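Just so it is clear, none of the values below were taken in a lab; they were calculated from the coordinates. Being a predicted model, the structure only gives us computed values, none of them experimental. Note: ideal-geometry Cβ built from the backbone for every residue, glycine included; neighbour counts use all protein chains shown.
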Amino acid sequence: MLNGVSLWQMINRGGLTMYILLFFSVFSLTIILERVVYYRRRSRVKRLDFMSQIRSELRKGEIKKALEFCKDNDTPFSSVVFSGLNLHGHDEVVISNTMEREITIETNKLERHTSIVGTIGSTSVYVGLFGTVLGIMRAFKDISATGSGGINVVINGISEALVCTAAGLAVAVPAVIAYNYFVKKIDSFVADMELCASETLDLISAKKK
């Protein structure tokens, strides 16, 4: 509350800008929650433990068990390893290219909707400032129209207009933090996929010799 004004009243006074920021906030939080759950679900298995099991199965010549193990683990690098092992016996260039394509596919899945959060984080502040400018212009216009008022009227009008800037910051900060987290998490996933692809290719090459 601000001077006895409720949050809902402040949103109404902020006009269209506040409703846009409210939409941005809900949309951004929805994507953030969905991505966090998605990343956690797909990172339950550690790369080192996964590849240790794959090496064990390949040493025993159990390609089918290794493929089944890949299917049982819903991680980006398990999909990459599966695509490589599934072509066991083919040319190494073909296997390598297949795993590279799978890395690209999995990376696209990991990046899904994250750019929206980044865009909201980078633009919400400016939307809030735009709303503040409109609010200040409206406050001075009202004073000019009535021909009366004083410093208190001006301060009240400006304080209401500044709510848009505060709302823009409130939307932008969590979005920027979440986007940076997403970028770091995706980089970690990509590194794991590339390491697994490289090791899988080495294991396949060693088995041929």
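Using R₀ = 30 Å, calculate the FRET efficiency as 1/(1 + (r/R₀)^6) where r is the Cβ-Cβ separation of THR107 and ILE177; round to 0.05. Could you put the intermediate results ahead of the total?
Values: r = 22 Å, r/R0 = 0.73.
Calculated value: 0.85.
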Checklist entry - For the pair VAL36 and ARG138, what calculated FRET efficiency results from E = 1/(1 + (r/R0)^6), where r is the Cβ-Cβ distance and R0 = 45 Å, to the nearest 0.05? => result 0.70
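For a quick check of your reading of the filter: which trypsin sites (Lys or Arg not before Pro) in segment 59-147 sit in a DSSP loop and have no more than 15 other Cβ atoms within 10 Å? Working shown, then result.
On the way: sites: ARG59, LYS60, LYS64, LYS65, LYS71, ARG101, LYS109, ARG112, ARG138, LYS141; in loops: LYS60, ARG112.
Loop-located and lightly packed - LYS60, ARG112.
Hey, with R₀ at 30 Å, roughly what FRET efficiency would ASP74 and SER122 work out to, going by the Cβ-Cβ distance, to 0.05? Could you put the intermediate results ahead of the total?
Values: r = 32 Å, r/R0 = 1.07.
So the FRET efficiency works out to roughly 0.40.
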Item to check | Theoretical gain in end-to-end length, GLN53 to GLU100 [0.36 nm per residue, Cα-Cα removed] | outcome: 14.7 nm
Checklist entry - Hey, got the Cα dimensions of segment 7-208 along the principal axes, in Å, largest first? => result 91, 27, 18
